[in-house]
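**Q** Shown below is the structure under consideration.
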Amino acid sequence: MPRPIEALIHTDALAHNLARARQAAPDSRLWAVVKANAYGHGIERAYPGMRSADGFALLDLAEAERIRACGWRGPVLLLEGVFEPRDLELCSRLDLWHAVHCNEQIDWLAGHKTERAHTVVLKMNSGMNRLGFVPAAYRSAWARLNAMPQVESIVLATHFSDADGPRGIAHQLAAFEQATHDLPGPRSLANSAAILRHGTVPGVHSDWVRAGILSYGSAPDFPEHDIRHWDLRPAMTLRSQLIATQQLAAGDTVGYGSSFTAREPMRIGIVACGYADGYPRHAGTDTPVLVDGVRSGTVGRVSMDMLAVDLTPVPAAGIGSEVVLWGRAGNGEVLAIDDVARAAGTIGYELMCALAPRVPIRAVEAGA
Ligand SMILES: *Cc1c(COP(=O)(O)O)cnc(C)c1O
């Protein structure tokens, strides 16, 4: 028997979550954001659950080839655009839309020979200060692209830095609208947090929304809201089994560094999952887990291949018992990845993207 750890990708949950994005932004077209190998889920595994999208947005030419190989003929968008001039050849061949965020990318496109004019997504730096033209430079970039035979149409876009938090989006939205109000063309602004939180603000959903994290069943604004609030379902389950149990006496310690000391007699289980599987090492004692579908917590430090859990709430558990590190248990109980991420001082995005290659992954239609 192989080591009992595995990850399940729930295609029904992906479909449900995308339907939630549709419901939240009913008048917009929907990019399913599948960068970082579909946030760790695997593009090919996630694709069957995400076919209802209007397009796929990603970063890498190799990922674009993979989504085309899945059979997708609709729009595919390179969110950071091309990295060198010859990338444009593949854009022409695979019919990719690509972001244009700097003058060099416009120069490269001006020198590109193509029979098929491209759709480009002209990115504004409205305050995030990562990629894009500042508002004062945006219109001249637009005019330059608009005059080029290589360009068929121009989508106007920006990205919010604070759609999930207290600062909000008003300052960036105002900068965007001021510089674009009289420019033609479709618009794209909203990420998951803006889709769910700011849909009532005019102009935010616009023509295309870009749903990333919500598709995978993590709340973009956790802990203010959780997946139950947004009616999202975990698209990934990381599960393993107990491979040993230990009976502790008061004063016994657990694991490296003896960071946990039993205050009274207790039983613990040892789980075949450690940081070499992508489980966060910074998750301290009491990080939530599901043992046989019952909520319990970790005990002591996470080691490379193992971690310990408290069996007090599940006295019947023993070797072979199911342990869900995040996702759905066999009995239907759900442990949101966000709860685990918080205990480790990070966010759901990082945990799902960091699933280690040694963990076998398979797609399942429903449940476990
Ligand atoms: C990653 C990304 C998104 C998706 O963000 P989520 O918070 O995961 O919804 C949207 N737009 C751009 C430009 C991105 O890079």
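**Q** Would it be correct to say that residue 219 is in a loop (DSSP other than H, G, I, E, B) and either within 15 Å of the ligand (Cβ to nearest atom) or surrounded by fewer than 21 Cβ atoms within 10 Å (Cβ to Cβ) (or both)?
**A** In short, yes.
**Q** Does residue 100 satisfy the condition of being closer than 13 Å to residue 58 by Cβ and within 27 Å of the chain's Cα centre (by Cα)?
**A** no
**Q** Additional query: So residue 125 fits all but one of (1) within 16 Å of the ligand (Cβ to nearest atom); (2) polar (S, T, N, Q); (3) free of Cβ contacts under 8 Å to residues at least 24 places away in the same chain; what number is the exception?
**A** (3)
**Q** Does the stretch 159-168 contain at least one residue that is in a loop (DSSP other than H, G, I, E, B), more than 13 Å from the ligand (Cβ to nearest atom) and in contact (Cβ under 8 Å) with a residue 40 or more places away in the chain?
**A** No, there is no match, as no residue in the stretch 159-168 is in a loop (DSSP other than H, G, I, E, B), more than 13 Å from the ligand (Cβ to nearest atom) and in contact (Cβ under 8 Å) with a residue 40 or more places away in the chain.
**Q** Pairs under 8 Å by beta carbon, first residue without any contact (Cβ under 8 Å) to a residue 40 or more places away in the chain in the stretch 204-223, partner within 12 Å of the ligand (Cβ to nearest atom), six or more apart or different chains?
**A** 204/189; 204/190; 204/194
**Q** Separate question: Condition first: touching a residue at least 24 places away in the same chain (Cβ under 8 Å) and within 12 Å of the ligand (Cβ to nearest atom). Can you find one or more residues in the stretch 173-189 that meet it?
**A** So far as the stretch 173-189 goes, yes, one or more of its residues are touching a residue at least 24 places away in the same chain (Cβ under 8 Å) and within 12 Å of the ligand (Cβ to nearest atom).
**Q** Taking the options 82, 134, 76, 100, name whichever one is within 16 Å of the ligand (Cβ to nearest atom), closer than 27 Å to residue 168 by Cα and either surrounded by 16 or more Cβ atoms within 10 Å (Cβ to Cβ) or not assigned by TED's automatic domain parsing to the domain that holds residue 353 (or both).
**A** Of the residues listed, the single one that is within 16 Å of the ligand (Cβ to nearest atom), closer than 27 Å to residue 168 by Cα and either surrounded by 16 or more Cβ atoms within 10 Å (Cβ to Cβ) or not assigned by TED's automatic domain parsing to the domain that holds residue 353 (or both) is 100.
**Q** Residues in the stretch 275-295: is at least one in contact with a strand residue (DSSP E or B) (Cβ under 9 Å, 6 or more places away or on another chain), among the polar types (S, T, N, Q) and over 21 Å from residue 236 (Cβ atoms)?
**A** Yes; the residues of the stretch 275-295 include at least one that is in contact with a strand residue (DSSP E or B) (Cβ under 9 Å, 6 or more places away or on another chain), among the polar types (S, T, N, Q) and over 21 Å from residue 236 (Cβ atoms).
**Q** Go through the stretch 304-344 and report how many residues are in a loop (DSSP other than H, G, I, E, B) and under 17 Å from the mean Cα position of the chain (by Cα). Break it down into steps so the answer makes sense when it comes.
**A** Filtering the stretch 304-344 for residues in a loop (DSSP other than H, G, I, E, B) gives 304-306, 311-321, 329-333, 336, 344.
Okay, now just the ones that are also under 17 Å from the mean Cα position of the chain (by Cα), so 336.
Qualifying residue count for the region: 1.
**Q** Further question: From the list 73, 93, exactly one residue is in a loop (DSSP other than H, G, I, E, B) and out of contact with any Phe, Trp or Tyr (no Cβ under 8 Å at 6 or more places or on another chain). Which is it?
**A** Step by step, each of 73, 93 is checked, and only 73 is in a loop (DSSP other than H, G, I, E, B) and out of contact with any Phe, Trp or Tyr (no Cβ under 8 Å at 6 or more places or on another chain).
**Q** Please work out if residue 44 is within 16 Å of the chain's Cα centre (by Cα) and acidic (Asp, Glu).
**A** When the stated conditions are applied, residue 44 passes them.
**Q** Let me ask you something else. State all residues of the stretch 51-64 that are among the aliphatic types (A, V, I, L, M) and away from the ligand (no atom under 13 Å from the Cβ); if no residue qualifies, say none.
**A** 61, 62, 64
**Q** Taking the stretch 190-216, which residues are within 9 Å of the ligand (Cβ to nearest atom) and part of a loop (DSSP other than H, G, I, E, B)?
**A** Across the stretch 190-216, the qualifying residues are 190, 191, 212.
**Q** Ok, one more. Got at least one residue in the stretch 54-68 being touching a Leu at 6+ places or on another chain (Cβ under 6 Å) and in a loop (DSSP other than H, G, I, E, B)?
**A** Yes: one or more hits.
**Q** Being in contact with a strand residue (DSSP E or B) (Cβ under 6 Å, 6 or more places away or on another chain) and of a type in the set (Ser, Thr, Tyr) is the filter here, so list the residues in the stretch 224-271 that pass it.
**A** The answer is 237, 240, 245, 253, 261.
**Q** State whether the residues of the stretch 345-368 include one that is within 11 Å of residue 289 (Cβ to Cβ) and out of contact with any Phe, Trp or Tyr (no Cβ under 8 Å at 6 or more places or on another chain).
**A** Scanning the stretch 345-368 turns up no residue that is within 11 Å of residue 289 (Cβ to Cβ) and out of contact with any Phe, Trp or Tyr (no Cβ under 8 Å at 6 or more places or on another chain).
**Q** If you check 26, 48, which single one turns out to be more than 16 Å from the ligand (Cβ to nearest atom) and closer than 26 Å to residue 197 by Cβ?
**A** Among 26, 48, only 26 is more than 16 Å from the ligand (Cβ to nearest atom) and closer than 26 Å to residue 197 by Cβ.
**Q** Turning to a different aspect of this structure: Can you pull out every residue in the stretch 156-184 that is touching a strand residue (DSSP E or B) at 6+ places or on another chain (Cβ under 8 Å) and surrounded by 16 or more Cβ atoms within 10 Å (Cβ to Cβ)? Talk me through it step by step, then tell me what you get.
**A** Going residue by residue through the stretch 156-184, those that are touching a strand residue (DSSP E or B) at 6+ places or on another chain (Cβ under 8 Å) are 156-159, 172, 175-176, 179-180, 183.
Within the stretch 156-184, 156, 157, 158, 159, 172, 175, 176, 179, 180 meet the criteria.
**Q** Out of all the residues in the stretch 251-272, is one or more surrounded by 23 or more Cβ atoms within 10 Å (Cβ to Cβ) and closer than 26 Å to residue 39 by Cα?
**A** yes
The values are calculated or read from the model by the stated rules, or taken from the named source; none is laboratory data. What you are looking at is a predicted structure, and each value in this text was computed from that prediction instead of being measured. Every residue, glycine as well, gets a Cβ built from its backbone with ideal geometry; the counts of neighbours run over all protein chains shown.
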